[in-house]
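These notes are about the structure you will find just below.
The values are calculated or read from the model by the stated rules, or taken from the named source; none is laboratory data. Worth saying up front: this structure is predicted, and the values here are computed from it rather than measured. Here the Cβ is made from the backbone with ideal geometry for all residues, glycine too, and neighbour counts use every protein chain on show. When the accessible area is computed, the model is the full protein with side chains, heavy atoms only, and any ligands, DNA or RNA have been set aside. Shrake-Rupley method; radii C 1.70, N 1.55, O 1.52, S 1.80 Å.
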Amino acid sequence: MSTSPPSSSTNEDQIGNGLHVRPGKPYPRGATWDGIGVNFALHSAHAERVELLLFDDAEDAEPGATFELPEQTGPIWHGYVMNLRPGQLYGYRVHGPYDPENGHRFNPNKVLLDPYAKAIGRPLRWDDSLFGYDVDDEERKDLSFDSQDSAPYAPLGAVVEETFAWGNDQSPEIPWEDTIIYETHVKGMTEQHPEVPEAQQGTYLGLACEPIIDHLKNLGVTTVQLLPVHAKMHRRELLEKGLRNYWGYNSLSYFAPEPEYAANGPASAVRDFKMMVRALHDAGLEVIIDVVYNHTCEGSHLGPTLSWRGVDNRTYYKLNPDDERYYMDYTGTGNTLDPGDSYVLQMIMDSLRYWVTEMHVDGFRFDLASALARELYDVDMLASFFKVVQQDPVLSQVKLIAEPWDVGPGGYQVGSFPWQWAEWNGRYRDAIRRFWRGDRGLNGEVATRIAGSSDLYERSGRRPFASVNFVTAHDGFTLQDLVSYEEKHNEENKEGNEDGHDENYSTNCGVEGPTDDPSVIECRERRKRSLMATLLLSQGVPMILGGDELSRTRRGNNNPYCQDNEISWYDWELNEREEKFLAFVQRLTKFRKEHPSFRRRHFLDPADESDGTGDVLWWHPDGREMTNDDWHDDDLRAFGYLLRGLDLAPDVQGRPRRDDSFLVLMNQGDAPVEIELPTETNELEDVHCAAWHIVSELAGDLNGAGPFDPGGVLTLRPHRVLALRAER
């Protein structure tokens with residue numbers, strides 16, 4: 001079926017408004033301005049013809065000019081239009097069969113966004129005409145065909161000029177072992193900051209402001225990881241509830257930055273993003289962006305026709321082999337992109353390279369990355385995507401972080417990604433949360449995690465920094481909520497509190513939610529410090545959830561993806577308690593940077609058979625090394641580890657590194673524990689220890705105590721982490 005709107009297209013060399021049309025080239029894909037005109041190239045293997053629509057203004061209900069792309073080379077439709085300039089708004093109509101049962105959903109009544117659009121010239125405006133089928137046909141649903149013209153409402157692309165005054169901008173290239181990631185949201189971090197100019201609050205330029213950069217530098221992080229900045233779509237049903245797609249995991253474009261974060265309207269989005277990156281680089285901070293190549297915003301078979309679905313549904317999406325009307329859904333969003341198709345894979349790679357070469361980002365965090373390993377249907381770490389990334393001269397040089405799971409069968413792949421990749425270590429998160437909640441029988445698991453998770457990464461030749469350690473992230477509780485709520489409270493998402501994970505491995509210290517009880521508050525503050533200290537003293541790459549340093553609460557909402565309001569925005573007005581915790585985190589990141597023992601390039605060596613020592617010695621409160629039986633003692637609530645620091649592996653430049661010997665002690669129980677301190681260190685050359693000094697950054701109530709004699713006894717309070725330095 002194919003019913004088209006009236007067409008004003010022409011194949012003549014010249015059309016209205018003095019625009020000259022030539023055959024153009026099939027590459028590069030997208031709209032490319034060369035100073036004289038614009039080359040348009042669109043991939044559609046199953047289309048019958050393609051029309052290019054040029055709009056004079058974002059408010060126009062119909063295009064000012066329409067013409068057919070004059071040539072098809074292979075699956076690429078292309079044409080070159082003379083006398084066009086950057087800022088030109090455009091879209092496509094793609095003609096072909098409307099046959100959903102065989103995977104085709106062409107509908108030329110729908111104006112489509114170019115999958116390669118580098119800027120959004122007009123955001124989507126919701127209307128029934130955006131659907132390829134008749135939404136009122138309850139019987140046939142998506143098998144019906146809708147003939148309404150979506151031109152007044154469809155999102156439009158804009159031609160961009162890619163030149164920018166980068167100056168001497170270059171990546172800070174922070175070594176993995178020195179990296180501290182800060183996960184944040186462009187709008188959430190800046191929307192309520194009192195020192196960010198009002199016009200720049202919630203924008204890219206707001207994140208580039210001096211007070212924000214000063215905060216990041218003082219906090220001691222090295223790398224800013226932004227929640228999705230690709231242009232997104234707000235789901236219709238959310239808007240009808242008064243909610244919005246705040247997080248941004250609903251991509252409308254893989255090349256265009258989100259226009260809502262532009263300080264001066266959509267036209268400035270590309271420039272503003274580049275200015276933000278340049279400012280962060282000038283401050284020595286890396287920029288990583290969260291990318292969503294596993295699915296698009298078009299949703300299930302009942303979703304709108306905005307771009308890929310109408311351009312070539314069979315090519316872009318994984319269809320159900322038993323019924324091609326439906327999609328394979330490994331993402332929980334209704335569809336899954338098909339990176340097994342060479343042109344889809346090319347789109348993903350072109351997008352990644354664009355964000356590195358043109359937008360100067362330093363790496364990527366891949367949402368639901370296991371979906372990219374499904375060439376057919378099973379997860380395959382030898383899939384084409386990983387092979388292409390490995391050999392790419394640009395992408396193989398940037399930071400690559402996988403969220404190593406999806407919602408499909410066999411999707412949980414922590415520890416299985418190729419050696420160039422780091423991974424969000426979900427096993428680290430769960431073990432550390434449960435340990436500090438007080439769960440028993442986790443000492444061995446926790447020891448493995450804080451030592452870098454060699455069981456997951458060493459066998460494939462990877463290093464400790466393959467493990468991105470985190471306790472909290474954008475999804476789930478904040479750190480403050482992790483110690484304040486035992487149950488999720490997602491009622492404001494208007495889904496009956498049924499969304500979000502039910503198991504959070506959290507505690508409330510005796511009161512659910514806010515309280516004025518001093519004992520509860522003190523318990524929460526102690527647990528927060530223990531969780532943060534464990535994170536920053538673990539081998540691997542720590543990731544701090546933005547706002548945790550501010551004791552940010554989301555009122556127990558563990559899935560605020562739709563809360564573009566005070567629930568998600570950072571509150572910068574801190575009380576004395578919150579100021580103290582911020583200072584604690586700042587001191588702790590500084591301590592980590594000063595002591596390479598806690599950010600090693602290699603996994604901790606086990607005890608050597610000849611001299612009995614190793615990089616780490618696990619310490620029992622009774623004043624001896626832990627035994628195998630100790631690791632299986634569920635009644636053992638406290639233990640520690642002694643780190644050898646004198647003979648560290650050299651840095652990447654080959655320079656020798658030396659550090660002090662440290663003893664880290666942890667008590668997860670509800671009662672104080674007496675711990676007998678070692679009489680000597682586990683160093684190879686000089687094991688002598690004259691005294692043990694409490695590390696001031698973790699001293700807390702023990703500030704000023706000590707030094708402690710070797711072999712002496714120290715009482716460790718409940719839910720407490722403490723570190724001591726050996727005096728030689």
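If only residues of the range 360-413 that are assigned to a loop (DSSP other than H, G, I, E, B), more than 28 Å from L280 (Cα to Cα) and β-branched (V, I, T) are counted, the one that is modelled with the lowest pLDDT is V379. Among the candidates L582, L617, L588, the residue that is touching a strand residue (DSSP E or B) at 6+ places or on another chain (Cβ under 6 Å) and surrounded by 14 or more Cβ atoms within 10 Å (Cβ to Cβ) is uniquely L617.
The set of residues in the range 422-472 that are assigned to a loop (DSSP other than H, G, I, E, B) and surrounded by 19 or more Cβ atoms within 10 Å (Cβ to Cβ) comprises N425, L442, A451, G452, S453, R462, R463, V471, T472. If the condition is being part of a strand (DSSP E or B), more than 33 Å from the chain's Cα centre (by Cα) and either under 25 Å from D350 (Cβ atoms) or among the charged types (D, E, K, R) (or both), then the range 40-71 contributes R49, V50, E51, L52, L53, L54, F55, E68, E71.
Taking (1) in contact with a Cys (Cβ under 9 Å, 6 or more places away or on another chain); (2) hydrophobic (A, V, I, L, M, F, W, C); (3) in contact (Cβ under 8 Å) with a residue 60 or more places away in the chain; (4) part of a loop (DSSP other than H, G, I, E, B) in turn, C523 satisfies each apart from (4). Of all residues in the range 82-97, those satisfying the criterion of being in a loop (DSSP other than H, G, I, E, B) and either open to solvent by 10 Å² or more (accessible area, probe 1.4 Å) or within 11 Å of L52 (Cα to Cα) (or both) are N83, R85, P86, G87, Q88, P97.
For every residue, the table says whether it meets (1) open to solvent by 10 Å² or more (accessible area, probe 1.4 Å); (2) out of contact with any Phe, Trp or Tyr (no Cβ under 9 Å at 6 or more places or on another chain).
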| position | (1), (2) |
| --- | --- |
| L482 | no, no |
| H489 | yes, yes |
| N497 | yes, yes |
| V511 | yes, yes |
| L536 | no, no |
| R552 | yes, no |
| Q563 | no, no |
| N575 | yes, yes |
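Residue pairs whose Cβ atoms lie under 7 Å apart, separated by 6 or more positions or on different chains, with the first residue in the range 159-170 and aromatic (F, W, Y) and the second open to solvent by 50 Å² or more (accessible area, probe 1.4 Å), are F164/R271; W166/R278. Being crowded, with 17+ Cβ neighbours inside 10 Å, outside any helix (DSSP H, G or I), at negative phi and not aliphatic (A, V, I, L, M) is the requirement here; does T507 meet it? Yes; evaluated as a whole, the condition is true for this residue. Checking each residue in the range 683-704 for being open to solvent by 40 Å² or more (accessible area, probe 1.4 Å), more than 18 Å from S597 (Cα to Cα) and in a loop (DSSP other than H, G, I, E, B) picks out A690, N703, G704.
Being part of a loop (DSSP other than H, G, I, E, B), open to solvent by less than 10 Å² (accessible area, probe 1.4 Å) and out of contact with any Lys or Arg (no Cβ under 7 Å at 6 or more places or on another chain) is the filter; apply it to the range 332-359 and report the residue that is modelled with the highest pLDDT. Checked the range 332-359; the qualifying residue modelled with the highest pLDDT is N335. Being under 21 Å from E625 (Cα atoms), free of Cβ contacts under 8 Å to residues at least 60 places away in the same chain and hydrophobic (A, V, I, L, M, F, W, C) is the filter here; which residues of the range 670-686 pass it? Residues satisfying the conditions are V673, I675, L677. Scanning the range 644-679 for residues that are outside any loop (DSSP other than H, G, I, E, B), in contact with a helix residue (DSSP H, G or I) (Cβ under 9 Å, 6 or more places away or on another chain) and either open to solvent by 10 Å² or more (accessible area, probe 1.4 Å) or at pLDDT below 95 (or both) turns up L648, R657. Restricting P560, P542, P514 to those that are within 27 Å of I288 (Cβ to Cβ), in a loop (DSSP other than H, G, I, E, B) and not hydroxyl-bearing (S, T, Y) reduces the list to P560. Beta carbons closer than 7 Å, at least 6 apart along the sequence or on distinct chains, pair a first residue in the range 408-431 that is at positive phi with a second that is aliphatic (A, V, I, L, M) and part of a loop (DSSP other than H, G, I, E, B) for G410/V379.
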